[in-house]
Amino acid sequence: MKLYGYWRSSAAYRVRIALNLKNIEVESIPVHLVKNGGEQHSLEYENLNPTHLVPTLVDGDLVLNQSLAIIEYLDNKFPVTPLYPNNYAEKAIVQGLTLDIACEIHPVNNLRVQQYLVNELNCDEPAKLQWSHYWMGKGFTALEKKLAKTAGLYCFGDIVTMADLCLVPQVYNANRFKLDMTSFPLINSIVERCNQLPAFIKSLPENQADAL
């Protein structure tokens, strides 16, 4: 099994957490998203993943992209340490929280979106940050309210779920973008608890071999 990723990619970060929670060994293959114009645009990688995005998981003849699909695959193939509750209604709640983060908050942080703001729309750094902060803040505000109804130690009760795997990298991104997170105490407390777990520590961007 091979995982193509980038140390600071929040989508790859999610997959690393899942792998480490389940103690799955993979070969990590770095794809530098900036060096040489972005190694994700190379013909070799495009043949593997035409979206020019990371991560990509290769398991034998199976090639998967999209972090949530990869994690779902891993969760089904390696059911030890499940990432969803057994109850179908509770699973749907966790899926909703997961998609709130992965589909509503994360995309505005994506490198190609940020590059488009600068290169095509001529946004300077303050304007780009203002735009990013607005949309991230809007997403976190809604999420904080939802978590008030679902959270225990983690996003859903006292078990680590797929929602936590998405939340931790997203908050890492928000801090990197210098978003003021003081308005989200519940989110911050969940992330703090997650980051005390060995699987999350091992998955931190700065703990990756390709970290700069």
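The values are calculated or read from the model by the stated rules, or taken from the named source; none is laboratory data. The structure presented is a predicted model; accordingly, all values stated were derived computationally and were not measured. With ideal geometry, Cβ positions are generated from the backbone for all residues, glycine too; neighbour counts draw on all protein chains shown.
Please identify the pairs in which a residue from the stretch 126-146 that is in contact (Cβ under 8 Å) with a residue 24 or more places away in the chain has its Cβ atom under 6 Å from the Cβ atom of a residue that is surrounded by 17 or more Cβ atoms within 10 Å (Cβ to Cβ) and of a type in the set (D, E, K, R), counting only partners at least 6 apart or on another chain.
Leu143/Asp100
Residues Ala127, Ala102: which one is under 30 Å from Thr81 (Cβ atoms) and out of contact with any strand residue (DSSP E or B) (no Cβ under 8 Å at 6 or more places or on another chain)?
Going through Ala127, Ala102 in turn, the sole match is Ala102.
Collect the residues in the stretch 17-33 that are assigned to a helix (DSSP H, G or I) and in contact with a Lys or Arg (Cβ under 8 Å, 6 or more places away or on another chain), keeping them in residue-number order.
Correct list: Asn20 only.
Looking only at residues in the stretch 116-155 that are under 19 Å from the mean Cα position of the chain (by Cα) and assigned to a loop (DSSP other than H, G, I, E, B), which one is surrounded by the fewest Cβ atoms within 10 Å (Cβ to Cβ)?
That would be Tyr154.
Within the stretch 147-155, can one find any residue that is touching a residue at least 24 places away in the same chain (Cβ under 8 Å) and touching a Gly at 6+ places or on another chain (Cβ under 8 Å)?
Checked the stretch 147-155: at least one residue is touching a residue at least 24 places away in the same chain (Cβ under 8 Å) and touching a Gly at 6+ places or on another chain (Cβ under 8 Å).
On the basis of being without any contact (Cβ under 8 Å) to a residue 24 or more places away in the chain and basic (Lys, Arg), does Lys2 make the cut?
Answer is no for this residue.
I need a count of the residues in the stretch 52-88 that are over 17 Å from the mean Cα position of the chain (by Cα) and not small (Gly, Ala, Ser).
16
Name the residue, out of Arg14, Arg8, that is touching a residue at least 60 places away in the same chain (Cβ under 8 Å) and in contact with a Leu (Cβ under 6 Å, 6 or more places away or on another chain).
Of Arg14, Arg8, the one residue that is touching a residue at least 60 places away in the same chain (Cβ under 8 Å) and in contact with a Leu (Cβ under 6 Å, 6 or more places away or on another chain) is Arg14.
If a residue must be within 18 Å of Leu212 (Cβ to Cβ) and modelled with pLDDT of 95 or more, how many such residues does the stretch 12-54 contain?
Adding up the residues that qualify gives 9.
Restricting the search to the stretch 34-81, which residues are of a type in the set (D, E, K, R) and assigned to a loop (DSSP other than H, G, I, E, B)?
Correct list: Asp61 only.
Considering only residues of the stretch 181-212 that are touching a residue at least 40 places away in the same chain (Cβ under 8 Å) and among the charged types (D, E, K, R), which is surrounded by the most Cβ atoms within 10 Å (Cβ to Cβ)?
Top of the filtered list is Arg193.
Regarding Asp61, is this residue surrounded by fewer than 17 Cβ atoms within 10 Å (Cβ to Cβ), farther than 21 Å from Ala12 by Cβ and out of contact with any helix residue (DSSP H, G or I) (no Cβ under 9 Å at 6 or more places or on another chain)?
Considered against the rule, which asks whether it is surrounded by fewer than 17 Cβ atoms within 10 Å (Cβ to Cβ), farther than 21 Å from Ala12 by Cβ and out of contact with any helix residue (DSSP H, G or I) (no Cβ under 9 Å at 6 or more places or on another chain), Asp61 comes out as yes.
It is to be established whether one or more residues within the stretch 86-94 are within 23 Å of Thr51 (Cβ to Cβ) and surrounded by fewer than 20 Cβ atoms within 10 Å (Cβ to Cβ).
No, the stretch 86-94 has no match at all.
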